[in-house]
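The values are calculated or read from the model by the stated rules, or taken from the named source; none is laboratory data. Small disclaimer: the values here were computed from a predicted structure and weren't measured. All Cβ positions, glycine included, derive from the backbone under ideal geometry; neighbour counts span all protein chains shown. All accessible areas refer to the heavy atoms of the entire protein, side chains included, with ligands and DNA or RNA removed. Shrake-Rupley method; radii C 1.70, N 1.55, O 1.52, S 1.80 Å.
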Amino acid sequence: MKKLILLSFVFALLGFVNLPKEDPSIKWSTTRLTWDDFKGKMKKSDPYDAVTLSAVSNSFSGDNTSLNFETVALFFPKGSKKKAKKQNHKLLNHEQGHFDITELFARKLRKSLQEKEFKNYKTIGRDVDKIYDKNNLAWRKMQDLYDKETNHSENETAQADWDANINNMLLDYKYYKTTNFTVDISYLNK
């Protein structure tokens with residue numbers, strides 16, 4: 001039986017950032033972040049009052065009948081920072097929004113992977129890369145738009161709108177909450 005061992009991907013808010021060594025991540029859940037989760041060191045020159053480093057990790061392996069995926073939204077405490085004198089509920093809620101957007105795009109990626117009809121074994125890796133890259137680009141655009149429209153939490157009306165929209169989008173993708181899933185590819189044997 002032909003075995004496929006395929007790739008693992010991680011994309012991080014702020015681009016390709018060197019993650020601090022031994023930075024245990026926090027998997028997204030309905031438990032909200034606290035300021036204690038932000039363990040990174042903020043520099044005085046940093047332009048923002050807080051920074052959330054989050055990512056979607058996607059790995060898979062398989063054989064000639066199925067692909068087994070694990071797709072997880074992660075928060076990196078040592079890469080996430082806050083200014084001590086700027087901590088407040090409004091800003092923490094905004095940073096939670098960044099992590100929730102990461103979970104939304106983990107769910108979108110799960111949906112896309114589950115719906116993909118792969119054409120042959122040789123292109124599975126490239127096909128997953130394309131789906132991942134498209135999802136990553138949309139994720140980055142939404143993160144940027146979120147910061148722009150909310151003015152990094154300062155526009156309270158826009159922040160409230162975004163909070164409601166993010167929650168609604170998470171509900172729209174509730175069937176894709178499960179981080180581990182299998183995709184049947186046995187049809188490629190025919």
Quiz item: Given the structure, is Lys78 closer than 24 Å to Gly40 by Cα and part of a helix (DSSP H, G or I)?
Solution: yes
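For the stretch 87-98, which residues satisfy the criterion of being touching a residue at least 24 places away in the same chain (Cβ under 8 Å) and either touching a strand residue (DSSP E or B) at 6+ places or on another chain (Cβ under 7 Å) or outside any helix (DSSP H, G or I) (or both)? First the steps, then the outcome.
First, the residues of the stretch 87-98 that are touching a residue at least 24 places away in the same chain (Cβ under 8 Å): 87, 90-98.
Matches in the stretch 87-98: Gln87, Leu91, Glu95, His98.
Identify the residue in the stretch 141-190 that is among the aromatic types (Phe, Trp, Tyr) and under 20 Å from Glu70 (Cα atoms) and, among all such residues, is surrounded by the fewest Cβ atoms within 10 Å (Cβ to Cβ). Steps first, answer last, please.
Our first condition is that a residue be among the aromatic types (Phe, Trp, Tyr); within the stretch 141-190, this holds for 146, 162, 173, 175-176, 181, 187.
Next cut, under 20 Å from Glu70 (Cα atoms) only: 173, 175-176, 181.
Working: Tyr173: 16, Tyr175: 10, Tyr176: 20, Phe181: 15.
Step by step, filter the stretch 141-190, then rank; the result is Tyr175.
Identify all residues within the stretch 29-39 that are open to solvent by 10 Å² or more (accessible area, probe 1.4 Å) and either closer than 19 Å to Asn135 by Cα or in contact (Cβ under 8 Å) with a residue 12 or more places away in the chain (or both); write none if there are none. Before you say what the answer is, go through the steps one by one.
Start the filter on the stretch 29-39 by keeping residues that are open to solvent by 10 Å² or more (accessible area, probe 1.4 Å), which leaves 29-37, 39.
Arg32, Leu33, Thr34, Trp35, Asp37, Lys39, listed by residue number.
To keep it simple, each residue is scored yes or no on (1) within 15 Å of Glu95 (Cα to Cα); (2) in contact with a helix residue (DSSP H, G or I) (Cβ under 7 Å, 6 or more places away or on another chain); (3) not in a helix (DSSP H, G or I).
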| position | (1), (2), (3) |
| --- | --- |
| Arg126 | no, no, no |
| Asp129 | no, no, no |
| Asp144 | yes, no, no |
| Asp147 | yes, no, no |
| Ala158 | yes, yes, no |
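When the residues of the stretch 26-56 are filtered to those that are hydroxyl-bearing (Ser, Thr, Tyr) and modelled with pLDDT under 95, which remaining residue is farthest from Tyr176 (Cα to Cα)? Let's see the steps before the verdict.
Going residue by residue through the stretch 26-56, those that are hydroxyl-bearing (Ser, Thr, Tyr) are 29-31, 34, 45, 48, 52, 54.
Still in the running and modelled with pLDDT under 95: 45, 48.
Working: Ser45: 40, Tyr48: 33 Å.
Ranking the qualifying residues of the stretch 26-56, first place goes to Ser45.
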Quiz item: Among the residues of the stretch 173-189 satisfying the criterion of being assigned to a helix (DSSP H, G or I) and touching a helix residue (DSSP H, G or I) at 6+ places or on another chain (Cβ under 9 Å), which is nearest to Val56 (Cα to Cα)?
Solution: Tyr176
Quiz item: Within the group Leu113, Leu188, Leu170, which residue is under 19 Å from His98 (Cα atoms) and of a type in the set (A, V, I, L, M, F, W, C)?
Solution: Leu170
Practice problem: Go through the residues of the stretch 99-121 one by one and say whether even a single one is out of contact with any helix residue (DSSP H, G or I) (no Cβ under 9 Å at 6 or more places or on another chain), touching a residue at least 12 places away in the same chain (Cβ under 8 Å) and open to solvent by less than 60 Å² (accessible area, probe 1.4 Å). | Solution: yes
Practice problem: Those residues that are more than 28 Å from Tyr187 (Cβ to Cβ), surrounded by fewer than 18 Cβ atoms within 10 Å (Cβ to Cβ) and touching a Lys or Arg at 6+ places or on another chain (Cβ under 9 Å), I need them from the stretch 50-92; list them, please. | Solution: Lys78, Lys83
